1. Of these, Thr234, Thr210, which one is within 23 Å of Phe283 (Cβ to Cβ), among the β-branched types (Val, Ile, Thr) and under 23 Å from the mean Cα position of the chain (by Cα)?
2. Can you pull out every residue in region 200-225 that is under 21 Å from Phe142 (Cα atoms), within 15 Å of the ligand (Cβ to nearest atom) and among the polar types (S, T, N, Q)?
3. Give just the number: which of (1) within 16 Å of the ligand (Cβ to nearest atom); (2) farther than 29 Å from His146 by Cβ does Lys250 not satisfy?
4. Across region 226-246, which residue is nearest to the ligand (Cβ to nearest atom) among those that are surrounded by fewer than 23 Cβ atoms within 10 Å (Cβ to Cβ) and outside any helix (DSSP H, G or I)?
5. Of the conditions (1) charged (D, E, K, R); (2) in contact with a His (Cβ under 9 Å, 6 or more places away or on another chain); (3) within 16 Å of the ligand (Cβ to nearest atom), Arg72 satisfies every one except a single condition; which number is it?
6. For region 265-292, what are the residues that are surrounded by 15 or more Cβ atoms within 10 Å (Cβ to Cβ) and more than 15 Å from Thr242 (Cβ to Cβ)?
7. Of the residues that sit in region 126-164 and are more than 27 Å from the chain's Cα centre (by Cα) and not in a loop (DSSP other than H, G, I, E, B), which one is nearest to Ser235 (Cα to Cα)?
8. Tell me yes or no: at least one residue of region 247-264 is surrounded by fewer than 19 Cβ atoms within 10 Å (Cβ to Cβ), modelled with pLDDT of 95 or more and touching a Pro at 6+ places or on another chain (Cβ under 8 Å).
Amino acid sequence: MNITVFSTKAYDRQFLLDANNAAGAPHRLTFHETTLTVQSAMLAAGSDVVCAFVNDQLNAEVLTLLHQQGVRLVTLRCAGFNNVDLSAANRLGIHIARVPNYSPAAVAEHSVALMLTLNRHIHRAYLRVREANFSLEGLLGFDMQHRTVGIIGTGKIGTRLAHILYGFDCKLLAYDPIQSPACLELGVHYVPLDTLYAQSQIISLHCPLTPETRHMINAAAFEKMQPGVMLINTSRGAVIDTHAAVTALKTGRIGALGLDVYEEEGDLFFENLSEQVLQDDVFARLLTFPNVLITGHQAFFTREALLAIATTTIDNINQFIKTGNAHHEISTEKLA
Ligand code: NAD
């Protein structure tokens, strides 16, 4: 099959080519660095399959262009699919597949890295020590033990996080319309969202971005949280209303903010923009706070995860050829 791969970096190429070779090299892969947009969709001409990533645009217009070029399967190299217009895909008969479970540990561990770095001010200590400044002023942290952590979304990643924090002896609260048996077994307490906001000293977001969760963490939610709360987001940027977060940082309602995702990240992340003037004023404001730590959507970025993403992607395509359906298809029928 001819496969056009968008938003690729050298590491994507390496892992996908290795996975294709391991399967006997059945596919011809064409790699593009550019993201998939209305302008770049024509690059998929002659392909049966498009392989896309988190910031590729798969709206109705782009899907229509792909369909006109004969694309029958879009396989995502990620778990989230908020960037896909599923009802348009259904209408056009384009199958959408993803990698639902590549490494929950990678993302959960990165969330803990953000928590610990912010709590113990490692990002500031690193810079101070390099300048022979050994003062501890401003670096005071707290014990994680016995802290109350609220996990919003206890799917694969949230559950893995609960396991890690259980090891820290944290008190764990959760909110999720579907309770995880593994979390219940650990002693996680499912509570209403407002209770989680009111009682948690750390809140970590692990729900998908949906119409319901878009800007779920807004000014009203911040009002219900403890002053000085630590908020961690490795899910999707738009779960947080960033303007409201900036206000909450200025008033001290948020005591620490760890972000791996940002609602306008499509214009920023995965590229080296260090020679350019940053155009996003909200992002620039976030960078001015000493208690904000941002990573550029790298929570997934471990060897194990890239290997699993590449293997599952090739497997999705092989299964699609064999049966007409990929292994991990997103059902678009109920959205038609
Ligand atoms: P999952 O589907 O296993 O779990 C998501 C959980 O969220 C489910 O239990 C679901 O019931 C719950 N949920 C849905 N709506 C909710 C709501 N309104 N309030 C609270 N909970 C709600 O997904 P996962 O594999 O754990 O991944 C979670 C999210 O993490 C993905 O959707 C993706 O956006 C994000 N993610 C980020 C990275 C990264 O590199 N930063 C990598 C992988 C995934």
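1. Thr234
2. Passing the criteria: Ser200, Ser204.
3. Failed condition: (1).
4. Asp241
5. Among (1) charged (D, E, K, R); (2) in contact with a His (Cβ under 9 Å, 6 or more places away or on another chain); (3) within 16 Å of the ligand (Cβ to nearest atom), the lone unmet condition for Arg72 is (3).
6. Once the filter is applied, which keeps residues that are surrounded by 15 or more Cβ atoms within 10 Å (Cβ to Cβ) and more than 15 Å from Thr242 (Cβ to Cβ), region 265-292 yields Phe270, Asn291.
7. Leu127
8. Yes, region 247-264 contains a residue that is surrounded by fewer than 19 Cβ atoms within 10 Å (Cβ to Cβ), modelled with pLDDT of 95 or more and touching a Pro at 6+ places or on another chain (Cβ under 8 Å).
The values are calculated or read from the model by the stated rules, or taken from the named source; none is laboratory data. In this text, all values refer to a predicted model and were calculated from it rather than measured experimentally. Every residue, glycine among them, receives a Cβ derived from its backbone with ideal geometry; neighbour counts consider all protein chains shown.
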